[in-house]
Amino acid sequence: MACKGSLLPPHLVKLLDADDYHKARSTSGHYYYISRMAMRQTNWIKIFCFLSFLAILAWGCFFQGVPLYPGLYFGCSSPAWKKAVLQSAARQEGGQMTVLVTGAAGFVGSHVSLALKSRGDGVVGLDNFNDYYPVALKRARAANLQKAGIFIVEADLNDKAVLSKLFDLVHFTHILHLAAQAGVRYAVKNPLAYVHSNVGAFVTLLEQCKVSYGKSSNPQPAIVYASSSSVYGLNSKVPFSEDDRTDHPASLYAATKKADEVLAHTYNHIYGLSITALRFFTVYGPWGRPDMAYFSFARNIVEGQPIKIFQGPHGEELARDFTFIDDVVKGCVASLDTALPSTGSSGKKRKKAQFRIFNLGNTQPVKVGDFVSILEKHLKKKAKRNVIPMPATGDVMFTHANVTKARVALGYNPTTDLDTGLGIFVKWYKSFYQHGGSNEDMLKGYKPY
Ligand SMILES: NC(=O)c1ccc[n+]([C@@H]2O[C@H](COP(=O)([O-])OP(=O)(O)OC[C@H]3O[C@@H](n4cnc5c(N)ncnc54)[C@H](O)[C@@H]3O)[C@@H](O)[C@H]2O)c1
């Protein structure tokens, strides 16, 4: 490190006390003699600059709401956090509701949050950004939401203190609860993650909704939440209707979703919370989940890797009622719009509250083999199909929704066929993960369960 003004010719240095000088060599091979005093001053200036930078960063993050990373802010006591929450919760022209969207950095949550915000509703997200699948994708979704003015509280839904602070700050008229540990097969490996996020977190949220709005002047929010087609379990009658039995789940994931429906009924019955359950059927589309078959198949086909196609015990093909994300978003928004207010006050219900369950499917199941052919067409590449017996990890042979109830009550009308929807997905996939782009490595090393 040469310091101008401290360079001395070697013969002069000898005349001085050598301890006061440091000998340094430049890249061109010349030797410099630098005063140790000047070096110390330079070091102090560096330390001062670094500390000033840290102080400005802390001030920006703590008081001005500058994110440390898209979606990542300082804890929920800072003025910046409160400001960000309140700004995000503020309704714009045309907005009718203030919604807490849990799982907002997730696939469905990010889409519905944007739809609500775009029509003026106040939206605050909450997500714990867990690493069940690549967190970078959740961060990228969060960055989209941030651009639209939606703040995501980064917290686990089981964190009562954060929920309490959030509900003290904002009067949510509606909750759209989408946070969950998703995925059927991963439940074999990590069952407690499902109990934590699907059962524990749901009860924590219901408790918060019940207690925080005990006063009649400050009514409880109405709740719409994600259940799943998996609750139909081993049913063989198709299409699946909401009144069919749901007491023989095939996976622990399905069991926790069924538990949610039962818990929801209890809170509706005792506390008068208005609750709507939405049984989603294999939702797919842009910004989707890398653990789901349509996504991992697309990835493997692009990368020239084989795909595993499961088959039933007698060689039957699996079939799924694939539902495009835009149709599901419309179903979620219509459910919020038609949700009646909760009827609880001071922890007790004043009168019976609304309790609804709807299937949100596409009503046209497609065999997995046919679905792969559509994917091949859009990707313009053949899949290496590896047909194997279905492992005993909780998948069911088929799903097929009857959506009559949702049609009548919500005006739900799925309009996107699989060919169109997969075309839109593939277009997004190719542009997002394009070769040589900054997202190309996002999936590197990730293997779905
Ligand atoms: N996508 C589908 O095909 C499908 C089908 C049926 C049901 N569902 C249900 O719909 C909902 C949304 O699904 P998705 O596909 O968007 O899943 P997703 O995994 O993309 O989104 C869920 C989000 O919840 C967050 N989360 C998980 N546990 C949390 C916790 N304890 N606290 C805070 N955040 C937490 C995750 O980080 C994730 O971002 C889920 O409840 C899922 O079970 C989805």
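The values are calculated or read from the model by the stated rules, or taken from the named source; none is laboratory data. Treat the numbers as computed from the prediction; the structure is a model and nothing was measured. Methodologically, a virtual Cβ is constructed for each residue, glycine included, from the backbone with ideal geometry; neighbour enumeration extends over all protein chains shown.
Conditions tested, residue by residue: (1) more than 27 Å from residue 281 (Cβ to Cβ); (2) within 10 Å of the ligand (Cβ to nearest atom); (3) among the β-branched types (Val, Ile, Thr).
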position	(1), (2), (3)
147	yes, no, no
151	yes, no, no
154	yes, yes, no
190	no, no, no
If you take the residues of the stretch 112-133 that are more than 11 Å from the chain's Cα centre (by Cα) and part of a loop (DSSP other than H, G, I, E, B), which of them is surrounded by the most Cβ atoms within 10 Å (Cβ to Cβ)?
-> 121
Residue 342 meets each of (1) surrounded by fewer than 21 Cβ atoms within 10 Å (Cβ to Cβ); (2) over 20 Å from residue 280 (Cα atoms) with one exception, condition (1)
Just to be sure, is residue 159 within 11 Å of the ligand (Cβ to nearest atom) and under 30 Å from residue 92 (Cβ atoms)?
-> yes
Might you check whether a residue that is over 28 Å from residue 302 (Cβ atoms), touching a residue at least 60 places away in the same chain (Cβ under 8 Å) and touching an Asp or Glu at 6+ places or on another chain (Cβ under 9 Å) occurs anywhere in the stretch 362-385?
-> yes
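For every residue, the table says whether it meets (1) within 16 Å of the ligand (Cβ to nearest atom); (2) of a type outside the set (S, T, N, Q); (3) modelled with pLDDT under 75; (4) crowded, with 21+ Cβ neighbours inside 10 Å.
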site: 42; (1), (2), (3), (4): no, no, no, no
site: 46; (1), (2), (3), (4): no, yes, no, no
site: 64; (1), (2), (3), (4): no, no, yes, no
site: 68; (1), (2), (3), (4): no, yes, yes, no
site: 89; (1), (2), (3), (4): no, yes, no, yes
site: 95; (1), (2), (3), (4): no, yes, no, no
site: 99; (1), (2), (3), (4): yes, yes, no, yes
site: 106; (1), (2), (3), (4): yes, yes, no, yes
site: 109; (1), (2), (3), (4): yes, yes, no, yes
Do we have residue 176 as closer than 22 Å to residue 222 by Cβ, within 18 Å of the chain's Cα centre (by Cα) and near the ligand (Cβ under 9 Å from one of its atoms) here?
-> no
Hey, can you tell me all the residues within the stretch 262-302 that are away from the ligand (no atom under 13 Å from the Cβ), in a loop (DSSP other than H, G, I, E, B) and more than 27 Å from residue 343 (Cβ to Cβ)?
-> none
